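Trainee: Dumping the structure here so I can ask a few things about it.
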Ligand SMILES: NC(=O)c1ccc[n+]([C@@H]2O[C@H](COP(=O)([O-])OP(=O)(O)OC[C@H]3O[C@@H](n4cnc5c(N)ncnc54)[C@H](O)[C@@H]3O)[C@@H](O)[C@H]2O)c1
């Protein structure tokens, strides 16, 4: 039996809910449907042990983590059998809340706990940051507290953390992995967009223009609209065009927030290409995904791969993990297949040739 992976989650929102439910849902090992990797380096998803949970919402702080996740729009798919007896503690609000999210979050008035001490007392190995998009100060604060406490740090938000050379060097010097930035979904518009464009290029089609614009109903879409629309647009567009080396206008981003969509996201994909004799090919596709669950399986892989990095004594930016699971990694992979291969080699201890 492999040892447990001791994880502390910052931000008990929809993505945290999906991960926590996934640990329970797949615990028996009899159903692996929806998982990218049932086991990774011998670790099963249920080897992830939640030892700490941090939020600032009055609706969540003080509750057991399996009760706190019920406050999110994402539905509850599993029965918890007292497996998550971890109370959510009060973090530092900093820039975690904006006017538009204040009512739904309802920030608590409690004094924030000493975070580095909390990580130490819970024996946290990995800190997983699931804060809202645009909470730059808060994400940076938790990264520095993780560093102080000697924990690896995973940043799923678009805030520049793993792509910040100064911070990455500090983690390297401390012998700790730092992974990010901006989580890549298991099967969302970014992956679909890249796959279709890659196929068209491979079939000799000249891509002329393309966009992927989404509308979502979660707090995350609200944060994107009000705080990180431009950054997200830059990251998503670069993630598609950069990976494929296309010299045509490619636009990808979030265009609006529609509350009744809840945790769902609708993305409209538009592609125009020219084939033989300049003949036109036009594609107009819509994909609907559920935000939280769409990140769950990738999160499970990244957490287990980060544990492998810890076991190997790897420190600083772990490019193979970031390129596999994130939209804005320090080093872009050529394509998703190369990213998966590099991750598999990393897990086996095979170094990537530069
Ligand atoms: N599929 C995915 O879920 C996916 C994909 C890509 C990126 N991400 C990233 O994951 C992050 C989380 O997404 P989400 O949908 O769970 O967001 P969410 O808005 O549902 O949850 C965020 C949580 O953070 C809490 N919070 C706010 N400020 C805080 C602070 N200072 N300290 C502690 N907690 C604080 C909020 O109360 C809330 O519970 C986002 O940055 C998003 O960009 C998620």
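FYI, it's all coordinate maths here, none of it is from the lab. Just so you know, these numbers come straight off a predicted model, no measurement behind them. Neighbour counts run over all protein chains shown; Cβ positions are idealised from the backbone, glycine included.
Trainee: Sort 268-274, 209-215, 32-38 for me by packing, meaning the mean count of neighbouring Cβ atoms within 10 Å per residue, highest on top.
Mentor: On the way: 268-274: 18.0, 209-215: 20.1, 32-38: 14.3.
Final packing ranking: 209-215, 268-274, 32-38.
Trainee: Then there's this: Ranked by Cβ crowding within 10 angstrom, fewest neighbours first, how are 220, 71 ordered? Walk me through the numbers on the way to the answer.
Mentor: Working: 220 24, 71 19.
Exposure proxy ranking, most exposed first: 71, 220.
Trainee: Can you sort 50, 318, 287, 154 by how many other beta carbons sit within 10 Å, fewest first?
Mentor: Working: 50 25, 318 28, 287 17, 154 32.
The most exposed by this proxy come first: 287, 50, 318, 154.
Trainee: Once every DSSP H run of n ≥ 4 in the chain is given -39500 (n - 2.57) and the sum is divided by its residues, what mean residue ellipticity at 222 nm do you get, rounded to the nearest 500 deg cm²/dmol? Spell out each step's value before the answer.
Mentor: On the way: 12 runs with 130 residues, N = 354.
Calculated mean residue ellipticity at 222 nm is -11000 deg cm²/dmol.
Trainee: Does the range 189-290 come out rounded, prolate or oblate, given a ≥ b ≥ c as the square roots of the eigenvalues of its C-alpha gyration tensor, rounded meaning a/c under 1.5 and, failing that, prolate meaning a/b above b/c?
Mentor: Numbers: a/c = 2.76, a/b = 1.98, b/c = 1.39.
Prolate is the answer for the range 189-290, as a/c is 1.5 or above and a/b outweighs b/c.
Trainee: Then there is this: Order these by the 10 Å Cβ neighbour count, fewest first: 125, 24. Working shown, then result.
Mentor: Numbers: 125 22, 24 19.
Going from least to most buried by this count: 24, 125.
Trainee: Could you give the angle, 0 to 90 degrees to the nearest 10, between helix 291-312's Cα long axis and the longest principal axis of the Cα atoms of the chain?
Mentor: 70 degrees
Trainee: Mean separation of Cα pairs under 8 Å and 6+ residues apart, divided by the residue count of the range 189-290: what relative contact order is that in percent? Spell out each step's value before the answer.
Mentor: Working: 189 pairs, mean separation 37.1, N = 102.
Reported as a whole number, the value is 36 percent.
Trainee: While we're here: Helix 229-244 versus the longest principal axis of the chain: what angle, 0 to 90°, nearest 10, using Cα atoms?
Mentor: 60 degrees
Trainee: Taking the 0 to 90 degree range and rounding to the nearest ten, how far is the long axis of helix 14-25 tilted relative to the main principal axis of the chain, both from C-alpha atoms?
Mentor: Value to nearest ten degrees: 70.
Trainee: Additional query: Of the peptides 13-23, 142-152, how do they stack up when ordered by the mean number of other Cβ atoms within 10 Å, highest first? Kindly include the intermediate steps, with their values, before the conclusion.
Mentor: Values: 13-23: 25.5, 142-152: 22.5.
Packing order, densest peptide first, comes out as 13-23, 142-152.
Trainee: Could you tell me the calculated FRET efficiency between residue 268 and residue 82, based on Cβ-Cβ distance and R0 = 45 angstrom, to the nearest 0.05? Can you show the working numbers first?
Mentor: Values: r = 43 Å, r/R0 = 0.97.
In this case the efficiency is close to 0.55.
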